[in-house]
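Visitor: Just dropping this structure here.
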Amino acid sequence: MGEHVRIKTLTGIKRAVDLQIGDRLSTGCTVVGWIRRCVTEVCDHAGTLVTPATLYWDTTQWRRYGETHPIRKEPCELLSFVVTPHSQIEWEDGTIIRDYMEWCSPDAEQYYTEQLTA
């Protein structure tokens, strides 16, 4: 996500770039890591750039932005966060995303196990 995305924490709203290790989020998660990475494809969510693989809650299920939003080629640098226990981040506008969910999610483990044993 872009560094100026505003994220809900237990102590108020913070820009993504201002989140620190140990910050507790409104979702009950704790920030345990963050990553700056260069990407070449993005989707736009109301002016916020995210990767096409970023998961978001669409009121009924988790979806990837690339499934529902146009993907465009745009080299840029975005921030990603590792948050535990369930990888959920709430933006100021109420959007819930899951960032780096594969790192700590039992859901992902089950999916990969099913794929490997199929």
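Visitor: Residues with amide H under 5 Å of Thr27's amide H, sequence separation 5 or more or different chain, H placed in the peptide plane at 1.01 Å from N; which?
Guide: It is Glu90, by chain and number.
Visitor: Excluding Asp93 itself, what net charge comes from residues whose Cβ is under 10 Å from its Cβ, given Lys and Arg +1 and Asp and Glu -1?
Guide: 0
Visitor: What is the pair-distance distribution P(r) of segment 1-106, computed from all Cα-Cα distances in 5 Å bins starting at 0, with each bin given as a whole percent?
Guide: Each 5 Å bin holds this share of Cα pairs: 2, 13, 25, 27, 21, 10, 2, 0.
Visitor: Which ³J(HN,Hα) values, rounded to whole Hz and listed in residue order, are derived for segment 83-92 from phi using the Karplus coefficients 6.51, -1.76 and 1.60 in 6.51 cos²θ - 1.76 cosθ + 1.60 with θ = phi - 60°, glycine and proline given as x?
Guide: Karplus-based 3J(HN,Hα) across segment 83-92 equals 10, 10, x, 10, 6, 9, 10, 10, 7, 4 Hz.
Visitor: Apply the Karplus parameterisation 6.51 cos²θ - 1.76 cosθ + 1.60, with θ equal to phi minus 60°, to every residue of segment 39-47 and state each ³J(HN,Hα) to the nearest whole Hz, in sequence, with x for glycine and proline.
Guide: Taking θ as phi minus 60°, the curve returns 10, 10, 10, 9, 10, 10, 10, 6, x Hz for segment 39-47.
Visitor: Rounded to a whole number, what % of the accessible area of segment 1-109 do carbon and sulfur atoms account for, probe 1.4 Å?
Guide: 52
Visitor: Rounded, prolate or oblate: pick one for segment 1-62, where a ≥ b ≥ c are the square roots of the eigenvalues of its C-alpha gyration tensor, a/c under 1.5 means rounded, and failing that, prolate if a/b is larger than b/c, else oblate.
Guide: Verdict is oblate for segment 1-62.
Visitor: Compute the distance in nm between two label points, each set 7 Å from the Cα along the Cα-to-Cβ direction, one at Lys73 and one at Thr40.
Guide: Placing both labels 7 Å along Cα→Cβ, they lie 0.8 nm apart.
The values are calculated or read from the model by the stated rules, or taken from the named source; none is laboratory data. Note that this is a predicted model, so its numbers are computed, not measured. Backbone-built Cβ (ideal geometry, glycine too); neighbour counts: all protein chains shown. Side chains included, ligands, DNA and RNA excluded: accessible areas come from the protein's heavy atoms. Shrake-Rupley method; radii C 1.70, N 1.55, O 1.52, S 1.80 Å.
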